[in-house]
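Any read-out appearing in this document is the output of simple, stated calculations on the displayed coordinates, not a laboratory observation. This is a predicted model, so every value here is computed, not measured. Note that we place each Cβ from the backbone using ideal geometry, even for glycine, and neighbour counts take in every protein chain shown.
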Amino acid sequence: MFFNLISTKPLKAFSGFIKRRSDQTLRDAVWSLWGEIILADLKNINIMQSQNNQPRVIIIGGGFAGLELAKKLRGTIFDVILFDKQNFHTFQPLLYQVATGGLRIESIAYPFRKIFRKSKNVAFRMEEVMAVHPSRNQIVTASDRLSYDYLVVATGSQSNFFNFTPVQKMLMPLKNSRDALHLRSFILQNFEKANVSADEELREELINVAIVGGGPTGVELAGAIAEMKKYVFPQDFPQMDVEQMRIILFEAAPKLLGPMSEEASEHALKYLKEFGVEVHLNSMVDDYDGKVLKTKDGEVLRTNTVIWTAGVKGAFPDGFPKHCVAPAHRLKVDQFNRLEGFANIYALGDAAAMVDEGLPKGHPMLATVALQQARNLAQNLVKQIKNKSPQPFEYKDKGTMATIGRNRAVVDLPRWKFQGKLAWFVWIFVHIFSLIGFRNKLAALWDWAYNFFTYDRAVQLIITPFERSKNVPHVDSEKTRKQEKVTTE
Ligand SMILES: Cc1cc2nc3c(=O)[nH]c(=O)nc-3n(C[C@H](O)[C@H](O)[C@H](O)COP(=O)(O)OP(=O)(O)OC[C@H]3O[C@@H](n4cnc5c(N)ncnc54)[C@H](O)[C@@H]3O)c2cc1C
């Protein structure tokens, strides 16, 4: 560790040491001085390098990209520090299963510390990185400033509410574990309230669900909620006329599952209709006041629950120059995932836009892209240390899939597209296989088997009731930043 001795705080600490010297033993006083220097300057002084002079890699974000990179750098020459706001990795593709009671959150989340228990060169810190100082090679958290040799930004994405930002508190996004648990509570709470309400209009408002956005998340969520309407709610609320519940999916484009094939899109539409979901294509949501949703084509729906899956944009800490930011608020990177204009900063996954002629918006925001970029960067960092040429990133599309309720899914492989029951089994197998940890795989398999054979849902608990009026803005970092008043320059 090297400290910036230009600061005057160590001198003040030293004068304190001299004053107290008379009533302390020399050894205690030396330790006291050392402690005071560290404490006095913890917030201001640069902690330059790792103690053993290994090149330090700071990874911000332990999602698909950041976690994979940290895993691949285990046992290498690098001193790796992985930062995340949460102490666990979330398998986002199954969030909708948590939101609809099909899986417990513990099955799709895994603590970072468990993963890196035996890794000597990888440390984890549960802290939000608030800002980056590229000119000083530093990152800033609420408690610390830390220097890096290489910085990797893998902070993912956040919901993009577009012109609905002013009313975003009233919308239910699905981007993280907190959102999924809120949504599960909200749907169940609304049914409980409707069950005891004599007001017909209010009941309608409480049980109807609107989903905005017909991409994979919107389609999967609509299918899962329709399954609850068909199999779960009639058993749990026998006094209610559950048939009155409307589930409406609004999509502004002329087809569902935009990035997937025509076959996939048509089958998804057919499956959703069979389940009783009302699908409105070419339909733009225009207004929502917390009770009534209106579309540009004149549709009016009374509902308390509007699930927002209509858009995402990149998320990253403050401090990057404007020229680094690409459309959709992602960081512009070259074919080695290196940030434009910087030799030692990289961005991966959803936060990064590798723009070229064929990809004007960068790669799609997919877990597979994030994982592949992380693996390529891990190899390139090691190559760089050995003075070898880095390998440009090339995305290998291994296919996409989406499931719509029990027994129905659509799968697009590069050379084969199929739908129905086989696709559903493939979907189950791929997702079980992809979960981290044997316990999580087993727990998910158990819950799915339970749901399948009983036509029920494994998890229907309202642990922390969701209060929309207390809903914090989705981008919680903005709030934290204001509170902490972090000076970035
Ligand atoms: C509901 C849903 C379903 C999806 N389904 C699929 C699917 O079926 N197939 C598919 O391929 N993709 C799917 N995706 C997309 C996929 O999950 C993302 O593309 C992928 O997670 C991107 O990985 P990432 O590492 O870039 O970011 P993320 O996985 O989002 O990870 C970002 C991490 O950074 C942390 N973080 C953010 N900011 C900070 C900060 N300032 N300081 C510290 N930590 C920070 C976050 O806590 C998070 O852990 C889905 C996404 C969602 C939301």
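Computed quantities for the displayed model
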{"read-out": "Unsatisfied cross-links (Cα-Cα over 20 Å) in the set LYS114/LYS386; LYS72/LYS388; LYS229/LYS294; LYS175/LYS273; LYS85/LYS120", "value": "LYS114/LYS386; LYS229/LYS294; LYS175/LYS273; LYS85/LYS120"}
{"read-out": "Computed lengthening from GLU192 to LYS230, 0.36 nm per intervening residue step minus Cα-Cα distance", "value": "12.0 nm"}
{"read-out": "Highest-first arrangement of 138-145, 173-180, where packing means the average Cβ count within 10 Å", "value": "173-180, 138-145"}
{"read-out": "Value at 222 nm in deg cm²/dmol, rounded to 500, when DSSP H runs of n ≥ 4 in the chain each add -39,500 (n - 2.57)", "value": "-10000 deg cm²/dmol"}
{"read-out": "Bridge type composition, the stretch 53-152 - antiparallel percent by DSSP, nearest 5", "value": "45 percent"}
{"read-out": "Cβ-placed point charges (K, R +1; D, E -1), dipole of the stretch 371-463 about Cα centre in debye, nearest 20", "value": "340 debye"}
{"read-out": "Segment ILE385-SER434, length gained on full extension (0.36 nm per residue, minus Cα span)", "value": "14.5 nm"}
{"read-out": "Charge dipole of the stretch 191-299 about the Cα centre (unit charges at C-beta), most positive-ward option of LEU256, TYR288, GLN235", "value": "LEU256"}
{"read-out": "Members of LYS169/LYS270; LYS230/LYS421; LYS332/LYS470; LYS169/LYS441; LYS255/LYS421 lying beyond 28 Å, as alpha-carbon distances in this model show", "value": "LYS169/LYS270; LYS332/LYS470; LYS169/LYS441"}
{"read-out": "Signed unit charges on C-beta, dipole axis of the chain, positive-most listed residue ILE211, LEU381, THR100", "value": "LEU381"}
{"read-out": "Bridge type composition, the chain - antiparallel percent by DSSP, nearest 5", "value": "50 percent"}
{"read-out": "Convex hull of the chain built on C-alpha atoms - directionally averaged projected area, nm²", "value": "27.4 nm²"}
{"read-out": "Distant-in-sequence amide H partners of THR305 (H built 1.01 Å from N, under 5 Å)", "value": "ALA210"}
{"read-out": "Within the chain: Cβ-based charge dipole about Cα centre, in debye rounded to nearest 20 (Lys, Arg +1; Asp, Glu -1)", "value": "2220 debye"}
{"read-out": "Linear extension gain, ILE77 paired with LYS398, 0.36 nm per residue minus alpha-carbon span", "value": "112.4 nm"}
{"read-out": "Two-site FRET efficiency, LEU359 against ARG415, from Cβ-Cβ distance with R₀ of 25 Å, rounded to 0.05", "value": "0.70"}
{"read-out": "Separation between Cα centres of the stretch 363-390 and the stretch 83-108, rounded to whole Å", "value": "26 Å"}
{"read-out": "Charge context of GLN244, other residues only, Cβ under 14 angstrom, K/R +1, D/E -1", "value": "-3"}
